[in-house]
Amino acid sequence: MSCELTSVAPLPQQYLRARMNAYPVPVSEGESAITTLVTGSDGRIYGVTAGENCHLFAFCSRLDKTIRLIATFPGPTAARNLLALDADLTAYVGVNSVATSGAVEGTIHALPIDVTSVYYEEALGETVFKTAQPAQPLGAPVAGEELRALLYHRPTHSLLGLTLPGAKLFRLDLATGQSQIIATVASEENIVARFRGRLASRELIATPTGEVYGTGEGGRFFRYRPETGDFALLECRLPGLAVRQDWNAAECLCKDDAGQIYGGTTDGYLFRLDPASQRVTNFGKPSLERPLVGLTWHKGVIYGVCGGENGLAHLFAYEIAAANFTDLGMLNYIPCEGGPFGNERLTPWSAWRIGALTQDAFGTIYLGENDSRGHLFSLFCPENFDVRVSGPTSP
């Protein structure tokens, strides 16, 4: 990467450029903006793109030589955080499209994934992909509402989500196909007239005990226990400027091995929520760029991206024990001859907009470019620097 800072943070700066790769998503320009990345039980990362069509793809640098396209959903545009996976690798994809009433409505589609069933063949000089079965539509969980966030809850085998503009928290029982509205996390007069539903968090997260957390109006946290049906609006709030509290929402969430929740806000603050004590710790802002759009926890370090939706995306690292921020700069991939992968792209590439971040089961961090010509960036953590793998190529 272009960043030349020296720091005590755990990412050795001299390795960043050599250990980053950028892979073009093998779909049409205008349909390759990556909006969501999640990690599957098979160790791969799975993602969806937005544009005239929505594409579901999979990849792992240790398991695949190419990005695997799984399915295409014609027409609709996908929003952030609208992909959920269960333990059996059934993908649940939320898409927002124009309904017959003329309003934008969110629907959910289910697709069992078998990456071995996806294959490529040459047709009329172009490489196309085929998959074994089509996706099964599950309908709109809340009629007339867009989907804002989606989460698979394993203990109850259900999908939980948030909508806009109504800021509804809903639950879809996958065994019965029945959906219900659990709560409204923001008042009607504010969500419609002032903020059009953007008071609800962009992501939901489940703790190891099965409790689900998110944020609503005024930056207040809520807790939902799907197994008992208990919903509570908590007194703890997101950190932020007092005059902008009504605008504040949790943009991204992750958790560590102990179940502590870390998140980033609309204003760009990094925080931690202790579910047991309901105490919120404010770590400050890693950059002037906002919002925070993606976080992942890796062995005592939070890696994140800020400013990704509005351009000038910056990667940062935060050492929790040392309370130390390091700005790792913009994502500038600069290929070098004879690099560690052996088949790097020969074209430099800079990512101005990042829409998603996650890591695979082997500790490799992936960042999805949310632009008209999206790329998937991979970044190796320090303890994985001795690994020699070949990066994927576009089919």
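Brief remarks follow.
- Full-stretch length increase - Arg154, Arg279 - with 0.36 nm per residue and alpha-carbon distance subtracted: 42.4 nm
- Residue order, fewest to most beta carbons within 10 Å, for Asp114, Asp42, Asp360, Asp257: Asp257, Asp114, Asp42, Asp360
- Modelled FRET efficiency - R0 51 Å, Gln180 with Thr66, Cβ distances, 0.05 increments: 0.80
- Phe377, Phe362 arranged by Cβ crowding within 10 Å, fewest neighbours leading: Phe362, Phe377
- Out-of-range pairs (alpha-carbon distance over 32 Å; input Lys65/Lys299; Lys168/Lys255; Lys65/Lys255): none
- Fewest-first ranking of Arg154, Arg220, using other Cβ atoms within 10 Å as the exposure measure: Arg154, Arg220
Read-outs: derived from the displayed coordinates by stated rules, not from any lab. Here the structure is a predicted model, which is why all the values come from computation and not from measurement. Neighbour counts run over all protein chains shown; Cβ positions are idealised from the backbone, glycine included.
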